[in-house]
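Notes follow the structure.
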Amino acid sequence: MSLSRRRFLGGLLAGAAGTVVGCDDGGDGTADPTTTTAGPEAAPSTTVAGSTDLPPDLAAVVLPSDPFTLGVASGDPEPTSVVLWTRLAPQPLVPGGGMPEGVDAIAVEVATDDTFTGLVATGRFPVDTERGHSVHAVVEGLEPATTYAYRFRIGTYASPVGRTRTAPAADADVPVAIAVASCQRYGDGWYVAHRDMAAADLDAVVWLGDYIYEGDDELVRPLPPGGPTESEDLDGYRFRYATARLDPDLTANHHAHPWVVTWDDHEVRNNHTGEAGSVPVARRAAAYQAWWEHMPVRVPPPEITTFRLHRSVRLGANLELLVLDTRQHRSAPGCGGNLVEATCADLDDGTRTVLGPQQEEWLVGEAAASDARWTAVAQSVVVARAVVLDQLNADAWDGYPAARRRLLEALAPVRNAVFLTGDIHVQLVADVDDDGGAVVASELVTASTTSIVAPLYRDLVGFLPLAVPTIRHAAVAHGWIRCDVDADGWRATYREVADVADPASAVTDGPAFVIADGTPGARRA
Ligand code: FE
Ligand code: CA
């Protein structure tokens, strides 16, 4: 988005040295001469201290009820910029979301404190009426490594207050902390892990996919009525995202931290392979759009043939996140998919791909240019070799050996490569070795937030480290990984939810691992 510096609260911005808010809505953008001072008594709405006058057209919007039912979110932090998200939906589980026509802009307020007395910037941003009344407001002009409060306002309504944090400057040698999580099938459990993450002191939450499942169940908790058995169209996918966002613990985690997200298969359909798969184009387009409508991402909305999700997010001198899309461009599964013979002939086909040629080329360039101490590859499926009894998981990188070789070659220039992985719903820590057997990277696999562990993995997990020497740890659990990253090392601590069927479950530290700078392979702390 552009930084056109349109301002509607001129007096306020004039008092906020060096801070502006980018805005590209094409609105009138003129300063209102009557609103040169801010004060609670001037507020047209029921909001708290620090409120400022809205432009008359936004203040005049009449809505049937609170449009902020899905909360707010932030993501893809940069040193001076972050994406702020909301989606206007007075009736979030009803097709269309219950918004009246004609609402195409919204106000954003950013402050240094939750009461908005330290208001540093305001702006007017577009509401995407073609895409679920979602808002992706790219706010510019912020200070690095700084925590901000933000909210949206329209009519008489103010959104809940979110907190976000800008990235440290690229050369700042400061410790950073991230959460790593994935796989939150709604009916499989309570979002206790999100409550735990929300309370943690973090720079960002890194989400590795399976935010929704196209088909859900009620193993642990009931789904709201009226949803599809399986999501196949835009309303069906939106229903799943709205269901998740109505959960207070998930929303609290979005309100607490910026997120950096990618997707896995279930945002579309189980084990889907994008262009090469059997999911009809119209269904993929609906799934991609619903994902984008609900994620705080700094990428343009999806066009089915050109959607680019992969990107990099730099968090200071110590951490660069390379966010991959391992689904959209991958070749069809080899040898019929699922568990296949490791000797199966399809696997030798060097043209088969996981990332697709353009994303592979991008990765080569990013890795060659990266000067971060740690390069974390945020992606969905397991990279470490896991051949057991001559069988492998055709959906993981093992199922695409030539693509896996190119992946590791691409990352050869980086100082420390760490794969952050989801998908299999269990904890796994592995040395990633190349075809010559040299350990070239580390892999940390998060257990699921809630999603059940398939019986295959439940039975196999304890056996994995015995059968595969490069697998250092594997365990059935639920939760997330806390990663503390600095110049000396990377410390990963599994946070474990004792019982996802108990909404008040305890969350405790599980096993912890460290990776030393310059030495790939995580070891028990
Ligand atoms: Fe999953
Ligand atoms: Ca998956």
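For segment 316-362, a residue qualifies if it is among the charged types (D, E, K, R) and outside any helix (DSSP H, G or I), and the qualifying residues are Glu320, Asp325, Arg327, Arg330, Glu341, Asp349, Arg352. When Val507, Val432, Val468, Val445 are screened for being surrounded by fewer than 21 Cβ atoms within 10 Å (Cβ to Cβ), under 15 Å from Ala386 (Cβ atoms) and β-branched (Val, Ile, Thr), only Val468 passes.
Tell me whether segment 161-172 contains one or more residues that are hydroxyl-bearing (Ser, Thr, Tyr) and over 20 Å from the mean Cα position of the chain (by Cα). No, that holds for no residue. Here are the criteria: (1) touching a residue at least 12 places away in the same chain (Cβ under 8 Å); (2) surrounded by fewer than 19 Cβ atoms within 10 Å (Cβ to Cβ). Tell me which single one Ala369 does not satisfy. Unmet condition: (1). Restricting attention to segment 393-418, the residues being within 30 Å of Ile452 (Cβ to Cβ), out of contact with any Pro (no Cβ under 9 Å at 6 or more places or on another chain) and surrounded by fewer than 24 Cβ atoms within 10 Å (Cβ to Cβ) number 6. Count of segment 450-469 residues, restricted to those that are closer than 27 Å to Gly437 by Cα and among the β-branched types (Val, Ile, Thr), is 2. Within the set Trp207, Trp190, the sole residue that is aromatic (Phe, Trp, Tyr) and within 16 Å of ligand 2 (Cβ to nearest atom) turns out to be Trp207. Counting residues in segment 389-400 that are of a type in the set (Phe, Trp, Tyr), touching a Lys or Arg at 6+ places or on another chain (Cβ under 7 Å) and not in a loop (DSSP other than H, G, I, E, B) gives one or more.
In segment 241-263, the count of residues that are basic (Lys, Arg) and without any contact (Cβ under 8 Å) to a residue 40 or more places away in the chain is zero. Restrict the check to segment 475-487 and report whether at least one residue is surrounded by fewer than 23 Cβ atoms within 10 Å (Cβ to Cβ) and within 16 Å of ligand 1 (Cβ to nearest atom). Yes, because at least one residue in segment 475-487 is surrounded by fewer than 23 Cβ atoms within 10 Å (Cβ to Cβ) and within 16 Å of ligand 1 (Cβ to nearest atom).
The conditions of being touching a residue at least 40 places away in the same chain (Cβ under 8 Å), crowded, with 18+ Cβ neighbours inside 10 Å and either of a type in the set (D, E, K, R) or within 18 Å of Gly97 (Cβ to Cβ) (or both) are not met by Glu275. For the criterion of being under 17 Å from the mean Cα position of the chain (by Cα), within 16 Å of ligand 2 (Cβ to nearest atom), at pLDDT 95 or above and among the hydrophobic types (A, V, I, L, M, F, W, C), Trp263 passes. Of the strands (runs of 3 or more DSSP E) lying entirely inside segment 413-466, the ones with 1 or more residues being within 16 Å of ligand 1 (Cβ to nearest atom) and touching an Asp or Glu at 6+ places or on another chain (Cβ under 7 Å) are found at 417-421. Any residue in segment 377-384 that is within 16 Å of ligand 2 (Cβ to nearest atom) and outside any loop (DSSP other than H, G, I, E, B)? Within segment 377-384, one or more residues are within 16 Å of ligand 2 (Cβ to nearest atom) and outside any loop (DSSP other than H, G, I, E, B). Among the residues of segment 391-399, are any closer than 19 Å to Val514 by Cβ and away from ligand 2 (no atom under 15 Å from the Cβ)? No, segment 391-399 contains no residue that is closer than 19 Å to Val514 by Cβ and away from ligand 2 (no atom under 15 Å from the Cβ). Can you give me the number of residues within segment 292-301 that are surrounded by fewer than 22 Cβ atoms within 10 Å (Cβ to Cβ) and touching a residue at least 12 places away in the same chain (Cβ under 8 Å)? The total comes to 4.
For segment 92-110, filtering for residues that are buried (at least 19 other Cβ atoms within 10 Å of the Cβ) and within 13 Å of Ala242 (Cα to Cα) leaves 2. From the list Asp459, Asp435, Asp423, the one residue that fits, being touching a residue at least 12 places away in the same chain (Cβ under 8 Å) and more than 15 Å from ligand 2 (Cβ to nearest atom), is Asp435. Would you confirm whether any residue within segment 234-242 is buried (at least 20 other Cβ atoms within 10 Å of the Cβ), farther than 27 Å from Gln358 by Cβ and under 14 Å from the mean Cα position of the chain (by Cα)? Within segment 234-242, one or more residues are buried (at least 20 other Cβ atoms within 10 Å of the Cβ), farther than 27 Å from Gln358 by Cβ and under 14 Å from the mean Cα position of the chain (by Cα). Screening the candidates Ala73, Ala89 for the property of being in contact with a helix residue (DSSP H, G or I) (Cβ under 8 Å, 6 or more places away or on another chain), part of a loop (DSSP other than H, G, I, E, B) and under 24 Å from Asp249 (Cβ atoms) yields one hit, Ala89. Take the conditions over 19 Å from Ser448 (Cα atoms), within 17 Å of the chain's Cα centre (by Cα) and modelled with pLDDT of 95 or more and apply them to Ala177. Does it pass? Spelling it out, Ala177 is indeed over 19 Å from Ser448 (Cα atoms), within 17 Å of the chain's Cα centre (by Cα) and modelled with pLDDT of 95 or more.
Considering only residues that are away from ligand 1 (no atom under 16 Å from the Cβ) and over 21 Å from Trp490 (Cα atoms), which ones fall in segment 178-193? Selection gives Trp190, Val192. Can you say whether Ala286 is among the aliphatic types (A, V, I, L, M), more than 16 Å from ligand 1 (Cβ to nearest atom), over 18 Å from Ser448 (Cβ atoms) and in a helix (DSSP H, G or I), as far as the supplied structure shows? So Ala286 fits the description; yes. Of everything in segment 194-214 that's within 12 Å of ligand 1 (Cβ to nearest atom) and over 13 Å from the mean Cα position of the chain (by Cα), which residue is farthest from Ser312 (Cα to Cα)? In this case the residue turns out to be Glu214.
The values are calculated or read from the model by the stated rules, or taken from the named source; none is laboratory data. Just so we're clear, the structure is a prediction, and the values are computed from it rather than from any experiment. Here the Cβ is made from the backbone with ideal geometry for all residues, glycine too, and neighbour counts use every protein chain on show.
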